[in-house]
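Below you'll find the structure, written out as structure tokens, and then a few comments.
The numbers here are math on the coordinates, done by the rules we state, and not lab data. None of these values were measured; they are calculated from a predicted model. Note that each Cβ is placed from the backbone with ideal geometry, even for glycine, and that neighbours are counted across all protein chains shown.
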Amino acid sequence: MALNSLNIALADDDEDDRFLFKDAIEEIKIKTKLSLFTNGKELMDYLILPNVILPEVIFLDLNMPIKNGMQCLKEIRENPKLIDLSVAIYSTSSSEKDIEETFVNGANIYINKPNTFKELKAAIEKVLQLNWQYQTSALNRDNFLLRI
Amino acid sequence: MYLFNDYTITRNLYFYLFYFNRQILRKPMKFNVKFDFNTICKKVLCQQLDDMNLDYSLNGIGEVNLKQSPNAVQMQKITENLAKFGIEVISDQQTALVQRIKDAVTLIVNGDEEAQKYNVSNYLSEKLDYSYTHLSNVFSEVTHMSIENFVILKKIDVAKNLIIEHNLTLTEIAFKLNYSSVAHLSTQFKKTTGLTPSTFQKIIKKRNDKVVPQD
């Protein structure tokens, strides 16, 4: 399957984090179109719009006001229209319990928010590379789990 | 006086078995299937091409030879019909080559006997008739990943399926996928997924248990 660019969405209430993420993704060679959201409700309202171009990958912060990342994840996995989305949890929590719970609820990727810009860029690049392959190769998406 | 002779006992027993069986049949059940993607894709492709009355032959890896070149309208129809099944007609040469590399890698990983005799680079350049340098450049340019990394990704994908569907031990999987040792497979698994094989297995099991319908 041919693919020219990846559509990416990020929901994070922290302005600095959104800014860093945007900077990092722009420096990566893989072409992307990034949409930013400041909380889970904004993201979910967008995803269920009619005729919306769905992102291939969604990065979700766990702790957000109004609607948190876990609620979004559950709603996404319950909606048959959103079945093909890869969900990456992007969080400061590194508790094994949180990580396992998000995976069991259908997340594909868990990223601990890296401390340096360089690490952030490397993490996003790895996620995009893998997603590119999952979009274009016969790989089993049911078994797509990645922890960074 | 005999209250229960042999006949009544047997009859009662049948009665019970009958109802017991019906109870089991009424319960929901869940079973797993395993797909052979190559066979499925080939079957679907042939069926579609047959339906359109085309004279064709399949060229091994993802290539269709038409005896008569179709006009634009026919080609449009072929593309549309195949698209319904998620089969995409690739017009761009580079993308087509990448797809052929991927298909050849799939053969290697699935343990095709001919493929096992060579190392990956020799096999690919022989099979696709290009130098490995050329293949490798085109592949990274189009997919943003090296062929070597793709081979690893593909192998780990097969390993995941073997863990989940066949309950094989890591030792058995390492042998099946031609790893020099279990440790090597285990390290590569961790490096590719960020999870140990046992954590991976635990998570997928919990996830599958979650979606079983409750009675």
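Among the listed residues A:N63, A:N79, A:N105, A:N112, which satisfies the condition of being over 24 Å from A:D14 (Cβ atoms) and either buried (at least 16 other Cβ atoms within 10 Å of the Cβ) or away from chain B (no Cβ under 13 Å) (or both)?
Just a single option satisfies the conditions, and that option is A:N79.
Any residue that is within 23 Å of the chain's Cα centre (by Cα), closer than 25 Å to A:D142 by Cα, among the hydroxyl-bearing types (S, T, Y) and within 14 Å of chain A (Cβ to nearest Cβ) - is there at least one of those in the range B:139-150?
yes
Can you find a residue that is under 20 Å from B:F200 (Cα atoms), in contact with a Ser or Thr (Cβ under 8 Å, 6 or more places away or on another chain) and surrounded by fewer than 19 Cβ atoms within 10 Å (Cβ to Cβ) anywhere in the range B:147-155?
yes
Looking only at residues in the range B:79-111 that are in a helix (DSSP H, G or I) and among the acidic types (D, E), which one is surrounded by the most Cβ atoms within 10 Å (Cβ to Cβ)?
B:D103
Please go through (1) within 14 Å of chain A (Cβ to nearest Cβ); (2) in a helix (DSSP H, G or I) for B:L195 and return the number of the only condition it doesn't satisfy.
(2)
Quick check on this structure: which one of B:N167, B:N178 is away from chain A (no Cβ under 14 Å) and under 22 Å from B:F31 (Cβ atoms)?
Working: B:N178 fails: under 22 Å from B:F31 (Cβ atoms).
Residue meeting the stated conditions: B:N167.
Scan the range A:16-39 for residues that are touching a Ser or Thr at 6+ places or on another chain (Cβ under 8 Å) and assigned to a strand (DSSP E or B) and jot them down.
Selection gives A:T32, A:K33.
How about the range A:28-70: which of its residues are in contact with a helix residue (DSSP H, G or I) (Cβ under 6 Å, 6 or more places away or on another chain) and either more than 18 Å from A:I89 (Cα to Cα) or of a type in the set (V, I, T) (or both)?
Of everything in the range A:28-70, those that are in contact with a helix residue (DSSP H, G or I) (Cβ under 6 Å, 6 or more places away or on another chain) and either more than 18 Å from A:I89 (Cα to Cα) or of a type in the set (V, I, T) (or both) turn out to be A:I28, A:I30, A:T32, A:V57, A:I66.
Here is a check on your reading of the model: is A:D98 more than 11 Å from chain B (Cβ to nearest Cβ) and surrounded by fewer than 19 Cβ atoms within 10 Å (Cβ to Cβ)?
yes
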